[in-house]
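The values are calculated or read from the model by the stated rules, or taken from the named source; none is laboratory data. Computed from a predicted model, the values in this text were never measured in an experiment. Here the Cβ positions follow ideal geometry from the backbone for every residue, glycine too, while neighbour counts run over all protein chains shown. Surface areas here come from the heavy atoms of the whole protein model, side chains and all, with no ligands, DNA or RNA. Shrake-Rupley method; radii C 1.70, N 1.55, O 1.52, S 1.80 Å.
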Amino acid sequence: MFERFKGFVNKEFYHIFRDKRSMIILFGMPIVQILLFGFAITNEINNVEIAILDKSADSETEIIINKLNASPYFNIESEVRSEKEVEEVFQKGRVKAVLVFEKDFANNLQILNQANVQVITDATDPNTANTISNYVQSILQHHSDEINLQTEAPYKLEVKSQMFYNPELKSVYNFVPGVMTVILMLVSAMMTSISITREKEQGTMEILLVSPLKPIQVVVGKVFPYIFLSVINAIIILLLGFLVFQVPVEGSLILLALESVLFIITALSLGVLISTIAATQQAALMMSLMGLMLPVILLSGFIFPISSMPEPLQVLSNIIPAKWFIIILKGIMLKGVGIAFLWKETLILITMALVFIGISVKKYKIRLE
């Protein structure tokens, strides 16, 4: 009895080790997940791009600027010449904070024993904005303590914070664009991949491919209904965000609609690509959930700042369509910017959609031949 049971167990081990896909799920997925969660999930900030508006330009402000630039938390991306340029810098999307040093900074420290520094942050991501403000205050406090060790009268650096686009630091301003992106990405890609693999399982896909329709027409025809349904989803989310949570839409509604349709097409084309790889609906569902959910949530910048992640993950995030759409949504809804500031992200989404569709059509052509 024991020998028969032992033989049965050995057979099961043999089948498991022989199946490469099972081995990847058993050992590969936990490794990938722990690395992603370990490196991507952090509320700390690193290498955040900031700008400087130095109205004083004296030796004291130079020392502070050098300390900020030497810290691992900040990179000084540019210098701003006037307060009118502050919002323009934020609209470009790279800079997350602007430090403003008041006029006669060093003289005020010497004579009044106090000088003011204003920290203006892009609060479209309220958690990051608050963290940046705290980090700046910590560095300035450390610098103030160093000065006071050498003087009798204590110096004080007063830090004043100002939040652009979200002065009340409402987390829902970050939540609505992020959730809209995640829902559209997962639903569009998942539903499309399952729809096409269902045809493959039932054998009707081969009939469609040998019909008078061209492969590109078959692919577009399968995708088109989901464009309409996903657009309805997007409208519902935007209406709920505006009516229930009072999330504003500062920019053009037409541009927002066009960008949303573009992202939906990109997500659907990714679903078509998944369907060319997956042989069954179950495989397509697993690839859509495991292959898209984690990267979309962790590497899109929705919850965790991308600039704080290791360099390889920052590079990897560039191939996540959700990253670019979140930038577009926040730009239009919260900053009120137009295509002049969002052309790069738009071009990237168009390129991704064309690449996904091109690869899928090519694969279906090869199958047909």
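Observations
- Any hit, segment 341-361, residues being of a type in the set (K, R) and open to solvent by 50 Å² or more (accessible area, probe 1.4 Å): yes
- The lone exception for D104 - which of (1) at pLDDT 90 or above; (2) at positive phi it fails: (1)
- Filtered residues of segment 306-319 (kept if under 8 Å from the mean Cα position of the chain (by Cα) and either open to solvent by 10 Å² or more (accessible area, probe 1.4 Å) or modelled with pLDDT under 85 (or both)): I306
- One residue from L99, L140, L112 being of a type outside the set (F, W, Y) and open to solvent by 50 Å² or more (accessible area, probe 1.4 Å): L112
- Restricting segment 267-283 to residues that are under 22 Å from the mean Cα position of the chain (by Cα) and small (G, A, S) leaves a set whose member that is surrounded by the fewest Cβ atoms within 10 Å (Cβ to Cβ) is S269.
- Flag if G331 is crowded, with 20+ Cβ neighbours inside 10 Å, in contact with a Phe, Trp or Tyr (Cβ under 7 Å, 6 or more places away or on another chain) and of a type in the set (G, A, S): yes
- Cβ separations smaller than 8 Å between residues 6+ apart or across chains give the following pairs from segment 343-362 residues that are free of Cβ contacts under 8 Å to residues at least 60 places away in the same chain to residues that are open to solvent by less than 70 Å² (accessible area, probe 1.4 Å) and aliphatic (A, V, I, L, M): E345/I327; E345/I328.
- Qualifying residue in segment 244-259 (condition: open to solvent by 60 Å² or more (accessible area, probe 1.4 Å), among the hydrophobic types (A, V, I, L, M, F, W, C), over 21 Å from A340 (Cα atoms) and touching a residue at least 12 places away in the same chain (Cβ under 8 Å)): yes
- With respect to being of a type in the set (A, V, I, L, M, F, W, C) and modelled with pLDDT under 65, L26 fits the description.
- Qualifying residue in segment 271-278 (condition: part of a loop (DSSP other than H, G, I, E, B) and over 23 Å from I132 (Cα atoms)): yes
- Note on segment 200-217: among residues that are closer than 24 Å to M286 by Cα and buried (at least 18 other Cβ atoms within 10 Å of the Cβ), the one that is modelled with the highest pLDDT is K200.
- Residue satisfying all of: in segment 290-304; part of a loop (DSSP other than H, G, I, E, B) and open to solvent by less than 20 Å² (accessible area, probe 1.4 Å); nearest to M190 (Cα to Cα) among these: S300
- Single unsatisfied condition, F325 versus (1) in contact with a helix residue (DSSP H, G or I) (Cβ under 7 Å, 6 or more places away or on another chain); (2) open to solvent by 20 Å² or more (accessible area, probe 1.4 Å); (3) modelled with pLDDT of 85 or more: (2)
- Inside segment 245-263, residues that are of a type outside the set (V, I, T) and not in a helix (DSSP H, G or I) make up a count of 6.
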